[in-house]
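Take a look at this one; I'll ask things after.
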Amino acid sequence: MSTGSISFRIAGRVPIGGGSSILVQTMCNTSTDDIEASVAQCRAMAAAGADLIRLTTQGLKQVESLREIKRRLRAEGISTPLVADIHFLADAALAAASVADKVRINPGNFAREHEVACSKFRELIALCREHGTTIRIGLNHGSLGERITQRYGATPLAMKEAVMEWLRMCVEEDFFKVVVSLKASNTIVMVEAYRLLQAAMLEEFGRPFPLHLGVTEAGGGDEGRIKSAVGIGTLLGEGIGDTIRVSLTENPVHEIPAGRLIVRAVSEGYTPYGSRTRIEADDWEDFIIKGSCLWGPSLLDRKTDDFSLEGSTIAGAPVSEEDGERFRDMLLQACRRRFTKPEYIACPGCGRTLYDLESTFAEVKRRTAHLAAGIKIAVMGCVVNGPGEMADADYGYVGEGRGHVTLYRGKEPVLRRIPQEEAIDKLLALIEEDQKKR
Ligand code: SF4
């Protein structure tokens with residue numbers, strides 16, 4: 001945790017920053033307008049121990065749905081703060097400021113003209129001040145505006161610079177209930193961006209705003225957990241970060257135990273600067289997370305090239321050679337040191353996803369597992385943010401409304417709105433055709 005970060009209480013009760021416990025959060029993948037399903041998912045998340053729950057809030061209609069979801073949860077005695085996830089619509093953010101406990105925005109998306117975006121942001125600050133609402137400025141590597149990339153490229157430095165502009169405005173407005181995130185799917189970019197931001201905040205403001213850590217589009221299963229544990233664990237081990245989300249292309253309830261395991265691993269000394277040199281894990285998930293926190297940071301920073309599993313145990317038994325090798329391959333790939341299979345980028349899905357993302361992602365992985373190591377394939381839930389967020393993927397499978405998919409080569413849509421049943425075959429054909437041309 002950043003012991004010196006600015007501290008406050010979200011919704012007047014949940015402390016963040018200043019050395020309080022790391023908050024573990026997650027996000028619903030239900031449609032926010034499906035009140036029953038969203039309440040049920042929030043209930044399951046709260047029972048799993050979520051400290052904060054985020055819901056997709058595309059527009060004013062979803063703000064009203066969020067109001068009703070909150071009302072029902074509070075009536076059941078569930079007091080977990082709710083976060084409205086806004087992407088583009090400033091008016092939705094302004095309306096959500098009096099409904100949600102926290103509003104997640106990227107102010108750069110509020111308007112094309114920077115001046116208009118600035119004035120909307122100031123309006124939002126005023127409303128959040130009035131209602132005691134927290135703001136998260138959430139900037140992703142894939143969604144940097146042209147204004148910034150023209151100057152700094154799509155780099156960690158650009159991410160830091162972009163967010164510092166908005167933070168200066170918060171300081172000018174004397175508004176400090178702000179959390180910041182700078183996510184990327186590339187663990188090196190993600191770690192570097194947060195390190196730069198932490199140093200810049202310390203230098204310019206004297207103390208950092210609380211940070212929300214996460215590796216975006218991490219995928220699911222072991223790979224998703226390992227990527228997240230490498231990025232989040234590295235930073236927590238350096239005392240950077242106040243709240244975390246492990247984004248998984250799975251049932252979002254699974255994100256909570258995975259997040260808690262990362263926090264526990266770091267607190268038990270599974271970091272390069274901690275007291276541990278080998279792993280004592282309860283089970284496989286605990287093992288891969290502890291291993292990622294212990295060996296990931298120095299692999300990521302190229303201080304080491306490999307690691308030894310000697311003496312490490314899972315439930316008291318030595319780690320088998322086969323499991324050890326499987327973990328080594330996944331960890332080296334997550335740290336971008338050695339690629340032994342295709343690299344998958346998949347969003348966790350949210351209220352904008354209109355297809356079964358988890359099973360589609362599993363099928364895409366199964367059908368493309370034979371392809372060249374390191375080829376980057378993205379599976380994204382929606383066309384609103386998917387193409388921007390899939391970063392530097394070589395190929396993209398992007399959901400486009402119900403039953404349709406658009407396939408991308410890099411950033412270029414090459415097959416638009418094709419029926420979903422044909423999409424994986426067409427994706428494979430596209431990749432194979434390109435490979436023949438090489
Ligand atoms: S890409 Fe779209 S569907 Fe996926 S998490 Fe982002 S907004 Fe949601």
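FYI, it's all coordinate maths here, none of it is from the lab. From a predicted model like this one, the values you see are computed outputs, not experimental measurements. Cβ coordinates were reconstructed from backbone atoms using ideal geometry, including for glycine residues, and neighbour counts include every protein chain displayed.
For the chain, with only Lys/Arg (+1) and Asp/Glu (-1) charged at the beta-carbon, what is the dipole magnitude about the Cα centre, in debye rounded to 20?
Working: 55 positive and 60 negative charges, 138 e Å.
Computed charge dipole of the chain: roughly 660 debye.
Expressed in nm to one decimal, what extension gain is obtained for the pair E280 and E421 from 0.36 nm per residue of sequence separation less their Cα-Cα distance?
Full extension of this stretch gives 46.3 nm more.
Something else about it: Could you grab the Rg to Rh ratio for segment 39-195? Cα atoms only, Kirkwood for Rh.
When Rh is taken as the Kirkwood radius, the ratio is 0.99.
Evaluate the distance, in nm, between pseudo-label points positioned 7 Å from the Cα of H131 and of D392 along their respective Cα→Cβ axes.
4.0 nm
Taking 1 over the mean of 1/r across every pair of different Cα atoms in segment 343-437, what Kirkwood radius in Å do you get?
After inverting the pairwise mean of 1/r, the radius is 12.9 Å.
As a check on your grasp of the helix formula, calculate [θ] at 222 nm for the chain: sum -39500 (n - 2.57) over DSSP H runs of n ≥ 4, divide by the residue count, round to the nearest 500.
Value at 222 nm, helices only, nearest 500: -14000 deg cm²/dmol.
Along the charge dipole of the chain, which of M201, L371, P419 sits closest to the positive end, that is, farthest toward it, with unit charges on the beta carbon of Lys, Arg, Asp and Glu (+1, +1, -1, -1)?
Positive-end residue among those listed: M201.
For the chain, calculate the relative contact order in percent as a whole number, restricting contacts to Cα pairs under 8 Å that are 6 or more residues apart.
13 percent
Sorting check: for 374-382, 398-406, which peptide has the highest mean count of neighbouring beta carbons within 10 Å, and how do the rest follow?
374-382, 398-406
How would segment 147-225 be classified by its alpha-carbon gyration tensor: rounded, prolate or oblate, with rounded meaning a/c under 1.5 and the a/b versus b/c comparison settling the rest?
Note, shape of segment 147-225 comes out prolate.
Against the empirical 2.2 N^0.38 Å scaling, what ratio does the C-alpha Rg of segment 104-170 come to?
Relative to the 2.2 N^0.38 Å estimate, segment 104-170 comes out at 1.11.
Further question on the same structure: Determine the distance separating the Cα centre of segment 49-84 from the Cα centre of segment 234-279; give it in Å without decimals.
A separation of 26 Å, based on Cα centres.
Do any GluC sites (Glu not before Pro) in segment 71-146 lie in a DSSP loop with no more than 14 other beta carbon atoms within 10 Å, and if so, which? Intermediate values should be presented prior to the final figure.
Working: sites: E76, E113, E115, E123, E130, E146; in loops: E76, E113.
Here the sparse-neighbourhood loop sites are E76, E113.
Can you tell me which of 288-294, 332-338, 239-245 comes out highest on packing, and rank the rest after it, using the mean Cβ neighbours within 10 Å?
Final packing ranking: 288-294, 239-245, 332-338.
With a ≥ b ≥ c taken as the square roots of the eigenvalues of the C-alpha gyration tensor of segment 110-243, please select rounded if a/c is under 1.5 and otherwise prolate if a/b is larger than b/c or oblate if it is not?
Prolate, since a/c reaches 1.5 and a/b exceeds b/c.
Roughly how many Å is it from the Cα centre of segment 128-206 to that of segment 301-349, as a whole number?
Taking the Cα centre of each part, segment 128-206 and segment 301-349 sit 30 Å apart.
Summing Lys, Arg as +1 and Asp, Glu as -1, what charge do residues with Cβ under 13 Å from the Cβ of G269 carry, G269 excluded?
Neighbourhood net charge equals +2.
Another question, then. Just the Cα atoms of segment 280-334, one point each, no solvent: what log10 I(q)/I(0) does Debye give at q = 0.22, 0.23, 0.25 Å⁻¹?
Calculated log10 I(q)/I(0) at the listed q: -0.80, -0.87, -1.01.
Let me ask something additional. Full-extension gain between V116 and R67, please, as 0.36 nm times their residue separation minus the C-alpha to C-alpha distance.
14.9 nm
Now, a different point. Among DSSP beta bridges lying fully in the chain, give the percent that are antiparallel, nearest 5.
Rounded to the nearest five, the antiparallel share is 30 percent.
Just add up the charged neighbours of D425: K/R +1, D/E -1, any other residue whose Cβ is under 14 Å from the Cβ of D425. Could the numbers behind the result be given before it?
Details: positive: R366, R367, K426; negative: E363, E421, E422, E432, E433.
Net local charge, D425 excluded: -2.
Also: For A75 and R43, compute 0.36 nm times the residue count separating them, minus their Cα-Cα distance, and round to one decimal in nm.
Once the chain is fully extended between A75 and R43, it gains 10.3 nm.
Above 29 angstrom, tally the Cα pairs of the chain and express them as a % of all pairs, no decimals.
When every Cα pair of the chain is considered, 44 percent fall beyond 29 Å.
May I pose another question? For L299, what is the net charge nearby, where nearby means another residue's Cβ is under 12 Å from its Cβ and Lys, Arg count +1, Asp, Glu -1? All intermediate terms of the calculation are to be shown ahead of the outcome.
Details: positive: R302, K303, R328, R336, R337, R338; negative: D301, D305, D306.
Result for the local shell: +3.
How big is D, in µm² s⁻¹, for segment 1-76 by Stokes-Einstein at 25 °C and 0.890 mPa s if Rh is the Kirkwood radius over C-alpha pairs?
On the way: Rh = 13.5 Å.
Using the Kirkwood radius from Cα pairs, D works out to 181 µm²/s.
Over segment 187-281, what is the relative contact order in whole percent, taking alpha-carbon pairs under 8 Å and six or more residues apart?
Relative contact order of segment 187-281: 26 percent.
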